[in-house]
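Everything below concerns the one structure shown next.
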Amino acid sequence: MNSRFGIEGIAVSIPSHYIDLKTLAEARGIDPAKYYVGLGGRRMAVVTPEEDPVTLAAEAARKVLGGYQVTPDDIGMLIVGSESGVDAAKPIAAYVHGLLGLNPQCRTFDTQHACYGATAALRLAADWCAQGNGRRRKALVIATDIARYEVGSAGEPTQGAGAVAMLVSTEPGVVAFDAYPDAVFTEDVMDFWRPHYRSTALVDGKYSIECYLRALEHTYEAYERSSGVRWEDFTHLLFHVPFPKMAYKAFRRLYEREAARRNGDFPPLDAEYERLTGPALWANVEVGNIYSGSLYLSLAALLERQDAAVAGGRIGLFSYGSGSCAEFFSGSVGPDASVWRGRIGVAEALAHRTEVGYETYLALRRAGEAMSKNGSFRAPGPEANGHVRFLGIHDDRRVYDRPGRRAMV
Ligand code: COA
């Protein structure tokens, strides 16, 4: 049963630079096929010191408000899902609220549970709309993250960064959520975490894959039980994508379950994968892991490239956040692809990126670390193509420059 609440608009922002995983593999003395084939990635986004989780979020939000002709006064709730918080108290959402000039009569906060944070935000926003609490105002939900592991670690080739902004309302022209009971699963595990004193994540990689797949089985079973929706009802199945091969492993787990149920009378694994999941992954392959936004980058990419094929279909979505919390839910894509066509911006953002070599990648990492220290503020140069920029920290305060407004310190 589909509802009248869900995603009205979606847009993406991606950092301006990237490194090819072949470059990284060569620097590590590793066969590039391990990253290209074994992990399924191709390139990964690299941030400059002027890009942080706030600027990425603000850019995605600016695109979604502009693309769907929504004014700042239309937003009654702003939730940012992220595990890359820039302050232990002040949420990313508060900075974004200011940078966008939203109405003060707006509830503004962050949600955090590793890569599940944005899904928590989305579900909360949808409930707020469904209950009529928005009084025709919309919620703005933004997933924003910078995935960062130690240099030389197994997680390093699965880094990435980006943000996905979604308008949630009672006019869900993009995806109307199905109104089934929650299919959620929580387990207190140490599969991936980042203590406050670290800027890079710690991960027990193989264990985190096990935890992910266990959560997938639990939530999918609960979803099937409560919804009655079956494999053949989906036009696409989307998964959290810490690296593209993980989506394949997840798909395979559900496929094997389904094939067993049908005593082998079922299309081959790879054909089903290419039909249901493969078409959503082209942007994840280019960008890498964006933690809370990875699932929604897949959704955005699928809508952008397969718009006519996906219009009117039903999508299943699996969200997993280490630690852990997971959820399987579904929704119906709107019948009219012109609602989102030309407004998502994935291919356009990718087309404007600059490639960096290994030494530049390391230098940008170091520069980013230096920017997170008090006193790093530098007066802005010329405005950068109208983009919001992080200018450093002055007097313990983060300083941002947004188009048309000079930085105030
Ligand atoms: N050519 C092709 N494939 C190759 C290869 C080569 N030369 N060398 C290795 N591979 C394959 C392996 O067979 C393996 O594939 P499989 O998983 O299908 O068996 C894959 O590449 C990864 O190799 P592995 O040795 O397992 O990698 P690793 O020890 O470096 O760790 C992760 C991989 C994903 C665990 C690691 O990148 C990580 O910790 N990532 C961050 C955490 C994460 O993403 N968790 C997921 C759940 S949220």
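The values are calculated or read from the model by the stated rules, or taken from the named source; none is laboratory data. From a predicted model like this one, the values you see are computed outputs, not experimental measurements. Positions of Cβ are generated from backbone atoms using ideal geometry, with glycine treated the same way; all protein chains shown enter the neighbour counts. Quick note on the areas: whole protein, heavy atoms, side chains included, nothing else; ligands and nucleic acids left out. Shrake-Rupley method; radii C 1.70, N 1.55, O 1.52, S 1.80 Å.
Tell me the residue from 286, 327, 274, 348 that is of a type outside the set (Gly, Ala, Ser) and assigned to a strand (DSSP E or B), please. So that I can check it myself, show each step before the final result.
Values: 286 fails: assigned to a strand (DSSP E or B); 274 fails: assigned to a strand (DSSP E or B); 348 fails: assigned to a strand (DSSP E or B).
Exactly one of 286, 327, 274, 348 is of a type outside the set (Gly, Ala, Ser) and assigned to a strand (DSSP E or B), namely 327.
Can you tell me how many residues in the stretch 330-343 are open to solvent by 10 Å² or more (accessible area, probe 1.4 Å) and in a loop (DSSP other than H, G, I, E, B)?
The total comes to 5.
State which residue pairs qualify: first residue in contact (Cβ under 8 Å) with a residue 12 or more places away in the chain and outside any loop (DSSP other than H, G, I, E, B) and inside the stretch 213-242, second residue open to solvent by 30 Å² or more (accessible area, probe 1.4 Å) and away from the ligand (no atom under 16 Å from the Cβ) in any location, beta carbons under 6 Å apart, and separation of 6 or more residues or different chains.
Close Cβ pairs (under 6 Å, with a partner that is open to solvent by 30 Å² or more (accessible area, probe 1.4 Å) and away from the ligand (no atom under 16 Å from the Cβ)) amount to 226/180; 226/181; 227/180; 233/314.
Restricting the stretch 101-111 to residues that are crowded, with 17+ Cβ neighbours inside 10 Å and in contact with a Pro (Cβ under 6 Å, 6 or more places away or on another chain), which is farthest from residue 84 (Cα to Cα)?
Only one residue tops the list, namely 102.
Would you check which residues across the stretch 81-127 are acidic (Asp, Glu) and out of contact with any Ser or Thr (no Cβ under 8 Å at 6 or more places or on another chain) and list them? Break it down into steps so the answer makes sense when it comes.
First, the residues of the stretch 81-127 that are acidic (Asp, Glu): 83, 87, 110, 127.
Residues satisfying the conditions are 87, 127.
Being within 10 Å of the ligand (Cβ to nearest atom), hydrophobic (A, V, I, L, M, F, W, C) and either in contact with a strand residue (DSSP E or B) (Cβ under 9 Å, 6 or more places away or on another chain) or open to solvent by less than 30 Å² (accessible area, probe 1.4 Å) (or both) is the filter here, so list the residues in the stretch 25-59 that pass it.
Passing the criteria: only 25.
Under the condition of being within 26 Å of the chain's Cα centre (by Cα) and either among the charged types (D, E, K, R) or over 25 Å from residue 307 (Cα atoms) (or both), which residue from the stretch 258-282 is surrounded by the fewest Cβ atoms within 10 Å (Cβ to Cβ)? Break it down into steps so the answer makes sense when it comes.
From the stretch 258-282, those within 26 Å of the chain's Cα centre (by Cα) are 270, 272-282; that's our starting set.
Narrowing further to those that are either among the charged types (D, E, K, R) or over 25 Å from residue 307 (Cα atoms) (or both): 270, 272, 274-275.
Numbers: 270: 13, 272: 20, 274: 11, 275: 14.
By that ranking, first place goes to 274.
State all residues of the stretch 111-169 that are in a loop (DSSP other than H, G, I, E, B) and over 26 Å from residue 38 (Cα atoms); if no residue qualifies, say none.
112, 131, 132, 133, 134, 135, 136, 137
If a residue must be more than 11 Å from the ligand (Cβ to nearest atom) and within 20 Å of the chain's Cα centre (by Cα), how many such residues does the stretch 201-218 contain?
Qualifying residue count, the stretch 201-218: 0.
Among the residues of the stretch 199-212, write down those that are open to solvent by less than 10 Å² (accessible area, probe 1.4 Å) and in a helix (DSSP H, G or I).
211, 212
Taking only the stretch 179-198 into account, find how many residues are at pLDDT 95 or above and open to solvent by less than 70 Å² (accessible area, probe 1.4 Å).
Residues meeting the conditions: 8.
Among the residues of the stretch 163-198, write down those that are closer than 24 Å to residue 19 by Cβ and either within 16 Å of the ligand (Cβ to nearest atom) or out of contact with any Gly (no Cβ under 9 Å at 6 or more places or on another chain) (or both).
Residues of the stretch 163-198 closer than 24 Å to residue 19 by Cβ: 163-164, 192, 194, 198.
Result: 192, 194, 198.
Return the pairs, sorted by first residue and then second, in which the second residue is part of a loop (DSSP other than H, G, I, E, B) and near the ligand (Cβ under 6 Å from one of its atoms), the first residue lies in the stretch 24-42 and is closer than 13 Å to residue 358 by Cα, the beta carbons are less than 9 Å apart, and the residues are 6+ apart or on different chains.
Final answer for the pair search is 25/31.
Per-residue answers, yes or no, for (1) outside any strand (DSSP E or B); (2) open to solvent by less than 70 Å² (accessible area, probe 1.4 Å); (3) closer than 28 Å to residue 118 by Cα:
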| position | (1), (2), (3) |
| --- | --- |
| 292 | yes, yes, yes |
| 319 | no, yes, yes |
| 376 | yes, yes, no |
| 387 | yes, no, yes |
| 400 | no, yes, yes |
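If residue 359 satisfies all but one of (1) surrounded by 14 or more Cβ atoms within 10 Å (Cβ to Cβ); (2) under 23 Å from residue 160 (Cα atoms), what's the number of the condition it fails?
Among (1) surrounded by 14 or more Cβ atoms within 10 Å (Cβ to Cβ); (2) under 23 Å from residue 160 (Cα atoms), the lone unmet condition for residue 359 is (1).
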